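One structure is given below, represented as structure tokens, and several questions about it will come after.
Bear in mind these aren't lab numbers, they're just calculated from the coordinates by the rules spelled out. Being a predicted model, the structure only gives us computed values, none of them experimental. Cβ placement follows ideal geometry from the backbone for every residue including glycine, while neighbour counts extend to all protein chains displayed.
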Amino acid sequence: MTFRLRSPATAIAPAALVAALATATAIPAFAQTATTPPATIQNERARQTLAAPLSESYPAEAIGDGVTTGGYNQSRWVEDWSRLRDPAKRKTILDKLKYIPIGGDDVYLTLSGELRGRVNLTTNPDLRDREAQRQDIVRVVGGADLHVTDHFRFFGELAHGYIQGENIGAPSGFLRNKLVVQQSFADATAEVAGADLGIRVGRQTFADGPNLLVVPRDNNTIFFTFNGWRAWGRAAGARVDVFDFTPTRLGNGGTGDDLNKDTRRFSGVSTGIVVPKTFLGGSKLYVDPFLWRLRNDAAVWGGRSAREVRHFYGLHVWGDVGPVNLDWTINHQGGQYDNRDISAWLLLFAQSYRIGKDRSAPRVGVHADYASGGGAYGRGTLKTSLAPFGNNIYYSYQLYATPTNLIAVAPNVSFQPIPKVRASLEYQWSWRDSLNDAVYRANGQAFAGTQNVAGRKIAETARAQIVWSISPRVSFTGRYEHLQAGSALTGAGYRSSDFLAGWLSLRL
């Protein structure tokens, strides 16, 4: 189990858990050292390492920390470079930076970093008849991960965001930022009664849920992060995570204008269950029930700002069954907004089929999603669904859509035309659920006037993407999208739009 602590004052409960875990891990270690010869200790450690199959721990890919590919993860603290403990495996200068021994094998430092250059071109920005927008964007990130034995770790990460171009408006702190403490936390972990326990306190990324509901948002230049604590318990076939966060509010200047709190507070429980591999004749499936609470003191629906407390009762089922990959979410949302009841649904069903046995074989798929709408511009029950901190580019690279008052169907295909290059094609149809509610952007704001338009169709969207994995550390991504506005948009004066982007990423 691992503890990550941060300097600001924290709640009593996390602090108490840190102390308890520290005591639980320190006493057995001291007792063994005092009574056992060093050679015996080393032999026992080696035996325990060799005798610990993956099945005795919750699968690493399913613990809610995002996807790790080629050793790299969007959240760099997830990466495990302990294999470089062996000096013979540190073949390059960069390998040496991933494992810097400080105090024997148990205390070491891992450095990380990223340099990303990106260009975005968008016609009819904001779907209005305007001159095209060009964004020239640079991301610079540097991080340090200090491991103190297997039980304690301290992580810090600084980031810089640069943007220039044409018709860029007033960029937010997630696009333009002189310097930001992107993450800063400590965590502690321990094994108790065969279970892995841990707590992390400080500013951190969080991705323990469906991709459309909560991710760090890599499309931003600066990641979307939270401040608070997250604690977990994990056994071989089940896990539970408990968290209490406030989102980080970013200024555009240095580190002094970023706030640990805004008008929102996000807390809850995310759990996971490993489905037996024998299910359906052989599978690798996970069932993740979750119960979340989001308080927003300045939620806006129908042009009115009021306090909202929204509860998310959800079930996320995902994984592989032979050649089929699926990612299904069923989420009911309740609570109150401005003394009005909330009753909304979010149903997300994505699945694909691999044509061939090789992992690089082509895949064909479709996602069909339902996000309820209604009530934002009236009284009575509010039926608008909400994806609190999700992946906004899933429906629109231009950020012109979000799972609120939305029905979407999108067949897609992905394939590898040449080695190291993966291509994806998709065509999406989008409609409104409620004709009396608006069409909503990725930031949750309504397209003004769309609530008064009779048309149901939002858009048809064609999109293409290529990812060239030049090396494990270097990649290039190219994206194109054409959004053909439907009657729900054109009836309120909005236009169609094209989007083209490309970026090169270099990672340490």
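Taking the alpha carbon gyration tensor of region 245-352, what are the square roots of 5 times its eigenvalues, largest first, to the nearest whole Å?
Ellipsoid semi-axes (Å, largest first): 35, 19, 12.
Could you bin all the Cα-Cα distances of region 193-277 into 10 Å bins starting at 0 and give me the percent of pairs in each, rounded to whole numbers?
That works out to 15, 42, 29, 11, 3, 0, in percent per bin.
Let me see the pair-distance distribution of region 92-247: every alpha carbon pair, 10 Å bin width, integer percents in order.
9, 28, 31, 19, 9, 3, 0
Could you run the Karplus curve 6.51 cos²θ - 1.76 cosθ + 1.60 with θ = phi - 60° over region 412-420 and give me ³J(HN,Hα) per residue in whole Hz, x for Gly and Pro?
Going residue by residue, I get 8, 9, 10, 7, 10, x, 9, x, 6 Hz, with x marking Gly and Pro.
Taking 7 Å along the Cα-to-C-beta vector as the label spot, tell me the A193-R130 distance in nanometres, rounded to one decimal.
If labels sit at A193 and R130, their model points lie 5.8 nm apart.
Starting at 0 and stepping by 20 Å, how many percent of the alpha carbon pairs of the chain end up in each bin?
20, 56, 21, 2, 0
What is the angle, in °, between the Cα long axis of helix 38-50 and the longest principal axis of the Cα atoms in the chain? Nearest 10 is fine, range 0 to 90.
30 degrees
Right, another one. Taking 8 Å as the Cα distance limit and 6 or more residues as the minimum spacing, I'd like the relative contact order of region 209-293 as a percentage.
Normalised by residue count, the contact order of region 209-293 is 23 percent.
If you take the charge dipole of the chain about its Cα centre, with +1 on Lys and Arg Cβ and -1 on Asp and Glu Cβ, which of F389, L504, G209 is farthest toward its positive end?
Towards the positive end, the residue furthest out is L504.
Run the quick spin-label model on A306 and V413: label points 7 Å from Cα toward the beta carbon, then report their separation in nm to one decimal.
Between A306 and V413, the simple spin-label model gives 4.9 nm.
What ³J(HN,Hα) values, in whole Hz, does the Karplus curve 6.51 cos²θ - 1.76 cosθ + 1.60 give for region 432-443 when θ = phi - 60°, with x put for Gly and Pro?
Values, residue by residue: 7, 6, 10, 6, 9, 10, 7, 8, 10, 7, 5, 7 Hz.
Relative contact order for the chain: what percent, with Cα pairs under 8 Å and sequence separation of 6 or more?
Once divided by the residue count of the chain, the mean separation gives 11 percent.
Can I ask one more? What dipole magnitude, in Debye to the nearest 20, does region 137-244 give about its Cα centre under +1 on Lys/Arg Cβ and -1 on Asp/Glu Cβ?
Dipole about the Cα centre, nearest 20: 300 debye.
DSSP loop trypsin sites (Lys or Arg not before Pro) in region 334-370 with at most 16 other Cβ atoms within 10 Å of their Cβ, which ones?
Here the trypsin sites (Lys or Arg not before Pro) that fit, given the DSSP loop and packing criteria, are K357, R359.
For the chain, what is the mean residue ellipticity at 222 nm derived from helices alone (per DSSP H run of n ≥ 4: -39500 (n - 2.57); sum divided by total residues; nearest 500 deg cm²/dmol)?
Computed ellipticity for the chain at 222 nm equals -3000 deg cm²/dmol.
Would you tally the net charge around G268, using a Cβ to Cβ cut-off of less than 14 Å, leaving G268 out, and scoring K and R as +1, D and E as -1?
Here the count lands on +2.
Would you mind listing how long region 288-402 runs along its three principal axes, going by Cα atoms, in whole Å with the largest first?
For region 288-402, the Cα spread along each principal axis is 54, 31, 19 Å.
On a 0 to 90° scale, report how tilted helix 12-35 is relative to the longest principal axis of the chain, with both axes built from alpha carbons and the result rounded to the nearest 10.
Roughly 30 degrees between the two axes.
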